[in-house]
Amino acid sequence: ANHRNDDHMEATIAMVASAIPGLEVTEAIITSVDSLGMYVKVTRTPRASDQPQQFKLRLPFPRPATDRKDVKMVIMEMTQAAAGASKE
């Protein structure tokens, strides 16, 4: 998750936006991953406030991952789906 957080935060932000329309976050850090999904710590600043809020949310995988390599594949699939959704 560290490599993903360091190098691909924009993709994680896009996955959050795709999974939860209307939730605009400025930071998304994957905190843990299992075969069914991942927990992400997000930061957002509500429109009616200037104070940032942080909270964790769960992004479920579209299908269970069978092993570590498959987790990477599922996350790549989610990233591509989120990129496609943002272009529509």
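The values are calculated or read from the model by the stated rules, or taken from the named source; none is laboratory data. Keep in mind that what you see is a predicted model, and the values were worked out from it rather than measured. Virtual Cβ from ideal backbone geometry, glycine too; neighbours counted across all protein chains shown. Side chains included, ligands, DNA and RNA excluded: accessible areas come from the protein's heavy atoms. Shrake-Rupley method; radii C 1.70, N 1.55, O 1.52, S 1.80 Å.
FRET efficiency for the residue 49 to residue 70 pair, using the beta carbon distance and R₀ = 25 Å, is estimated at 0.05. With the simple spin-label model, which puts each label point 7 Å out from Cα in the Cβ direction, the residue 83 to residue 20 separation comes to 2.4 nm.
So what's the net charge close to residue 70: Lys and Arg +1, Asp and Glu -1, counting the other residues with Cβ under 11 Å from its Cβ?
On the way: positive: 63, 68, 69, 72; negative: 67, 77.
The answer is +2.
Answer with one residue from 76, 57, 30: the one whose Cα lies farthest towards the positive end of the charge dipole of the chain, charges on Cβ with Lys, Arg +1 and Asp, Glu -1. Result: 57. Normalised by the number of residues in the chain, the average gap of Cα pairs under 8 Å and 6 or more apart makes the relative contact order 26 percent. Each peptide in 44-56, 65-77 gets a packing score, the mean of other Cβ atoms within 10 Å over its residues, and the list from highest to lowest is 65-77, 44-56. Ligands, DNA and RNA are left out, and with a 1.4 angstrom probe the accessible area of the chain is 67 Å² per residue.
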